[in-house]
Every structure is written in structure tokens, then in C-alpha cells.
């Protein structure tokens, strides 16, 4: 069932169920909201919320693909339901559980954004990405998630923010060779942008070239 495409009927069902979930959240009925989220998962994907919570991100990503390509709307629906689950858990002061679920949600949102298909009907929910990043940025995040955030900032032409994430990745990993190579590749891709874009994104070409020179020297001396 997970391999089916997301139809207009399913999108309508999702929006109707989300309205009820958000209404319960507004009324501080968090258990009711969690029950509705579970029902939404079962109705749309034929699987329970408990099942989704037990899956790794890699397993979930396989579920939102058809013939190797991400179905953007399916990815967004999963991301949004998980986001609201995380919010309900957070309001119940189950902060560790909320953090775990919100990470999954953000990963899915970023995958959907970075692989958006032309016929995406739910792209308005991409507005949830920045608040989720802000919510999670105070915690230590995985390289996988940080690299997606960097790609997202680059895609949205906030190159200075992407630069901050690259710096965080390097600091978290003690400037090891693997992550230096990743950073070098990232900066080389930024150099393909035109100067106007780089300047408007608050990361002039000269700064990128300085970072590249420094990283190449560090790598050479390892």
C-alpha cells in the first residue's frame, strides 16, 4: 500500500485529518491528537504510528519512493504527521521522544524539498522547515541531517547560513579528512554560483576561496 501514489482523494483526507489534529492541539488535548495521528497513518499508509516510530530513517525513505524516486507529497504527509506527533510529545514534556521524532520529520521535509517533483500539491508545508531547524539547532545533530540543512540553505540562497553549518560539521568532527573533503566539495559547488547570488547570500566568492585554500592546506598536512 505504501507504494501507491498519493492521489487527490488522499491529499484531501490528509488535510481534513490534519485540521482535526491541530484543533486538538489548540485545545491541549494532546492524547487525542496522538490518537488522530495514529488514525491518519493507518488510513493513509495502512500502518500505525508505533510502526513508523520503530523504523530507521533509511527504511522510511524507501517507503516514500517509487522506482527509486521520492514521491514528494507522500514524503510531506509523513513529515507533517511526525512533526505534530513531536509537538504533542513536547507539550507533554517528553522531550527526548519529541527530539527523536522531530529529527525524522525534518529529515523527511528536507528530502521532499531537495527532491521536489513538479506536481507537488503540498509544498505550502515547506514553511515548517525553518521552525523545525530552529527547534533542533540547539542540539547536536547527525552529519546526515546537518549536510541536508546545508544543502537546504544553499538551495534557498542563504549561503552564509550554509557556511555556518559547514563550520559546525567540521568542528563536530575535529576537521577529519572525510568531512574536510565533504566541505571542499560543498564550497567548490558554491563557486559555480554567480557573484550576485553569492553576495546577496552574504558569502562573497573571496570568502569561499579563502575557506577552500585553508581546508586544502589542512588536508594536505594530514
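Bear in mind these aren't lab numbers, they're just calculated from the coordinates by the rules spelled out. What you see is a predicted model; the values in this text were computed from it and never measured. All Cβ positions, even for glycine, are placed from backbone atoms using ideal geometry, and neighbour counts span all protein chains on display.
Under 20 Å from the 7 Å Cα→Cβ point of residue 156, by amide nitrogen: which residues of segment 170-185?
No residue qualifies, since no backbone N sits under 20 Å from the label point.
Which residues does a label at residue 96 reach in segment 52-69, if reach means a backbone N under 18 Å from a point 7 Å past the Cα toward the Cβ?
Within reach of a label on residue 96: 53-55.
Given a Förster distance of 30 angstrom, what is the FRET efficiency for residue 114 paired with residue 209, based on the Cβ-Cβ distance and rounded to 0.05?
My answer for the efficiency is 0.70.
Once Rh is set to the Kirkwood radius over Cα pairs, what Stokes-Einstein translational diffusion coefficient, in µm²/s, holds for segment 77-222 at a temperature of 37 °C and a viscosity of 0.692 mPa s?
After rounding, the answer is 199 µm²/s.
How big is the convex hull of the Cα atoms of segment 1-138, per residue, in Å³?
102
Provide the FRET efficiency to the nearest 0.05 for the residue 35-residue 69 pair, computing r from the beta carbons and using R0 = 35 Å.
Efficiency at R0 = 35 Å is approximately 0.60.
For the chain, take the longest principal axis of its alpha carbons; what is the angle in degrees between that and the long axis of helix 143-155, to the nearest 10 within 0 to 90?
80
For the chain, find the longest principal axis of its Cα atoms and tell me its angle to the long axis of helix 95-114, 0 to 90°, nearest 10.
With both axes taken from Cα atoms, the answer is about 70 degrees.
Separation between the residue 43 and residue 188 pseudo-spin-labels, each 7 Å from Cα along Cα→Cβ, expressed in nm?
5.0
If I model a spin label as a point 7 Å beyond the Cα along the Cα-Cβ vector, how far apart are those points for residue 59 and residue 139 in nm?
Label at residue 59, label at residue 139, 1.9 nm between them.
To the nearest 10 degrees, how steeply does helix 8-26 sit against the main Cα axis of the chain, on a 0 to 90 scale?
With both axes taken from Cα atoms, the answer is about 90 degrees.
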